[in-house]
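The values are calculated or read from the model by the stated rules, or taken from the named source; none is laboratory data. Since we're looking at a predicted model, the values are computed, not measured. Note that we place each Cβ from the backbone using ideal geometry, even for glycine, and neighbour counts take in every protein chain shown.
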Amino acid sequence: MTVRSTFSLDPETAESLERLARRWGTSKSEVLRRAVGAAAAAEEVDGPSEALAALRALQQRLGLDEGKAARWIAELHAERQSGRP
């Protein structure tokens, strides 16, 4: 199934789209599908990044919740204010 959409492109983008379609031997719609797919994969739009997932797993293993994190931040702040290492 496809969804029809209307977009307004600046002249440079429209020219690039047409040039890519000719070079790749495909439609402008296919160029857009490929470009959006590549951008989504690069940005991991459909899910959390691996780094974020790793951070969440580490926090869970350490039992770090918002309360513990707030206490730790307060301790660090107090140490820095006192000048202690």
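For the reader, a short list of remarks on this structure follows.
- Qualifying position, being over 30 Å from S5 (Cα atoms) and not hydrophobic (A, V, I, L, M, F, W, C), among E43, E75: E75
- Each residue in the range 21-46 was checked for being surrounded by fewer than 11 Cβ atoms within 10 Å (Cβ to Cβ) and at pLDDT below 85, and 5 pass.
- Test for T6: is it β-branched (V, I, T) and surrounded by 11 or more Cβ atoms within 10 Å (Cβ to Cβ): no
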